[in-house]
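**Q** Let me begin by handing over the structure; questions about it come next.
The values are calculated or read from the model by the stated rules, or taken from the named source; none is laboratory data. In this text the structure is predicted, and so the values were computed from the model without any measurement. Using ideal geometry, Cβ is built from the backbone for each residue, glycine included, and neighbour counts are taken over all protein chains shown. We work out accessible area using only protein heavy atoms, side chains counted, and drop any ligands, DNA or RNA first. Shrake-Rupley method; radii C 1.70, N 1.55, O 1.52, S 1.80 Å.
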Amino acid sequence: MGSPSRPDQLLIALEPEVAAVYCRRLKRHQLLPSSSSSSSSRPPPHLQEDPAPPPPSPDLDRDTVYAVVDCGGGTVDITVHQMTDRTSGHLKELHKATGGPHGSTGVDEEFERLLERIFGAEFFTTFRRERPAAYVDLMIAFEARKRNASPWRNSPLNIALPFAFIDLFRRLKGKDVEWAVRKHQDAGVRWSSQGMLRLEPGTMKQLFVPTLGHISQAIEAVLASPQVRHLQYMFLVGGFAESELLQKHIRDAFSRRARVIVPQGTSLAILRGAVQFGLDPGVVSVRRSRLTYGVGVLNRFDPSLHPEVKRVTSSGVAWCADVMDGFVVVDESVAVGDVVERSYTPATPQQRTVILHLYASTRHDVQFVTEPGVERVGTLHLDLGPPPPPPPPHSTTPPHKREISVHMKFGDTEVKATAVDHLTQRCVRADIDFLTL
Ligand SMILES: Nc1ncnc2c1ncn2[C@@H]1O[C@H](COP(=O)(O)OP(=O)(O)OP(=O)(O)O)[C@@H](O)[C@H]1O
Ligand SMILES: [Mg+2]
């Protein structure tokens, strides 16, 4: 694993990026057949005599624009990339929408709401609190049924209610669960003779509706962005993308605008892409900075630029405090390997460390680090080592001004800093600490 002495052992992979890396390299046989053409009438797979052929392998030429929709347990992340170079497979990020809370657990929550409607919200809350192990068992049982749900399924899905559920209901309500199910009067939910809760396929589909609706809205919002005009492909990855209900919903909604592609074993697309990225980190050539980054510095006070409240005077010189010295601006395209260089002078030649605070903001026009929406995110420590020897007495040459050049890389998956002391030409230790603020 990585350690301060071997930092190169650890490489951070960005999920949507490595999912794209994986999808780009797919072969024809690794794609799930699209069923959009005959979607509503497709027979269940076991009755299909002549399975639909897999779609042709995605042909990602230079300038191809494609979206990766990562559907996880909690969130759905959408990223749009453009191929910049077919042979090297270099990618450029055009748009990013991360963390919409539309993951597969939204379906679990709908199931819980259904149980609350049948058995009472108060009872269900008590059950969850008093019988946590049985609650987990119930949700595990639901998970298996959720994974089997399909647009082409006609038979009901049975969910065993744990004994603790049935028992607690009887003790608190004085009635059987069967009574509650019957009283609920929903043809889609019944009590089976084997003592199971039986959901009709339509009821199961209903549980997916709100979450799937949120996902298509989130994709729609991304497609409305001007940078995403020429979208050609949409890759569905992540565990939730295994769901046939989700696949059909997305294909129905978007296959006229882009080719929707689901890789086989799509829940492992990110893991596999991360391995490919580790073997060749150069597959991504340009990234967009998510935030504006810079450090807080003192500048010579200029009354035409700087407000009076920021004026500080030291040894007779007027300075402006809290100036944001920006390195990259939000949404700026940064090529991997691009370096931002800045020079800093320690306040006194005897100084052994320089500490600069790193700030970030979603705004692009930050002037002072004290403005609203600007946050301190890290600290840059420059370890200057021992001070240079004092000049010999009676020396006529003025003492050198100590100057440290800091090089910061923003295009990698991490922000990295190196620094050189001009006086000695020696590398200075530069660490960015994002953790202890
Ligand atoms: N066939 C399926 N139908 C519906 N949901 C499924 C299916 N297979 C897996 N899931 C869901 O996928 C989720 C796991 O997917 P994944 O591993 O991509 O999530 P994650 O990366 O941990 O979540 P997140 O990205 O939100 O942090 C689980 O919530 C699981 O219920
Ligand atoms: Mg995930």
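**Q** Restricting to strands (runs of 3 or more DSSP E) lying wholly in region 140-256: which have 1 or more residues that are outside the structural domain of Arg24 (by TED's automatic domain parsing) and polar (S, T, N, Q)?
**A** 157-160
**Q** Any residue that is farther than 18 Å from Ala20 by Cα and acidic (Asp, Glu) - is there at least one of those in region 221-243? Can you show your working first?
**A** So in region 221-243, the residues farther than 18 Å from Ala20 by Cα come out as 221, 224-226, 229, 243.
Add one more test, that the residue is acidic (Asp, Glu), and what stays is none.
The answer is no; no qualifying residue exists.
**Q** Somewhere in region 122-130, is a residue open to solvent by 20 Å² or more (accessible area, probe 1.4 Å) and not in a helix (DSSP H, G or I)? Full working, then the answer.
**A** Taking region 122-130 as the starting set, the residues that turn out to be open to solvent by 20 Å² or more (accessible area, probe 1.4 Å) are 122, 125-126, 128-130.
Among the residues that remain, those that are also not in a helix (DSSP H, G or I) are: none.
Within region 122-130, not a single residue is open to solvent by 20 Å² or more (accessible area, probe 1.4 Å) and not in a helix (DSSP H, G or I).
**Q** So, one more: Which numbered condition in (1) on the phi > 0 side of the Ramachandran plot; (2) in contact with a Phe, Trp or Tyr (Cβ under 7 Å, 6 or more places away or on another chain) is the only one that Ala134 fails?
**A** Among (1) on the phi > 0 side of the Ramachandran plot; (2) in contact with a Phe, Trp or Tyr (Cβ under 7 Å, 6 or more places away or on another chain), the lone unmet condition for Ala134 is (1).
**Q** To continue, here is another question. Return the pair list, or none, for Cβ contacts closer than 6 Å from residues in region 203-225 that are over 13 Å from Glu109 (Cα atoms) to residues that are surrounded by fewer than 21 Cβ atoms within 10 Å (Cβ to Cβ) and small (Gly, Ala, Ser), at least 6 apart or on different chains.
**A** Close Cβ pairs (under 6 Å, with a partner that is surrounded by fewer than 21 Cβ atoms within 10 Å (Cβ to Cβ) and small (Gly, Ala, Ser)) amount to Thr203/Gly188; Ser216/Ala253; Ala218/Gly100; Val222/Ala97.
**Q** Please state which of the following conditions Pro372 fails to meet, knowing it meets all the rest: (1) open to solvent by 60 Å² or more (accessible area, probe 1.4 Å); (2) in contact (Cβ under 8 Å) with a residue 12 or more places away in the chain.
**A** The single condition Pro372 does not satisfy is (2).
**Q** Of all residues in region 75-111, which are modelled with pLDDT under 90, surrounded by fewer than 21 Cβ atoms within 10 Å (Cβ to Cβ), among the hydroxyl-bearing types (Ser, Thr, Tyr) and within 16 Å of ligand 1 (Cβ to nearest atom)?
**A** Thr98
**Q** Within region 267-378, which strands (runs of 3 or more DSSP E) (wholly inside it) include 2 or more residues that are farther than 30 Å from Leu31 by Cβ, of a type in the set (Ser, Thr, Tyr) and in contact with a strand residue (DSSP E or B) (Cβ under 9 Å, 6 or more places away or on another chain)? Lay out the reasoning, then the answer.
**A** On the way: elements: 284-288, 292-300, 311-314, 317-328, 333-335, 339-344, 353-361.
Ranges flagged: 292-300, 311-314, 339-344, 353-361.
**Q** If you don't mind, there's one more thing I want to ask. Got a sec? Which of Ala241, Ala221 is within 16 Å of ligand 2 (Cβ to nearest atom), small (Gly, Ala, Ser) and under 30 Å from Ile270 (Cβ atoms)? Reasoning before the result, please.
**A** Values: Ala221 fails: within 16 Å of ligand 2 (Cβ to nearest atom).
Step by step, each of Ala241, Ala221 is checked, and only Ala241 is within 16 Å of ligand 2 (Cβ to nearest atom), small (Gly, Ala, Ser) and under 30 Å from Ile270 (Cβ atoms).
**Q** Where residues in region 150-183 are in contact (Cβ under 8 Å) with a residue 60 or more places away in the chain and in contact with a Lys or Arg (Cβ under 7 Å, 6 or more places away or on another chain), which of them is farthest from Lys248 (Cα to Cα)? Spell out the reasoning first.
**A** To start, the set of residues in region 150-183 that are in contact (Cβ under 8 Å) with a residue 60 or more places away in the chain comprises 150-154, 180-181.
Pick out the ones that are also in contact with a Lys or Arg (Cβ under 7 Å, 6 or more places away or on another chain) and you get 151-152, 181.
Working: Pro151: 8, Trp152: 10, Val181: 31 Å.
Going through the qualifying residues, I end up with Val181.
**Q** Tell me which residues, restricted to region 337-347, are within 23 Å of Pro281 (Cα to Cα) and open to solvent by less than 60 Å² (accessible area, probe 1.4 Å).
**A** Gly337, Val340
**Q** Return the total of residues in region 253-295 being within 13 Å of ligand 1 (Cβ to nearest atom), open to solvent by less than 60 Å² (accessible area, probe 1.4 Å) and among the aliphatic types (A, V, I, L, M).
**A** The qualifying residues number 4.
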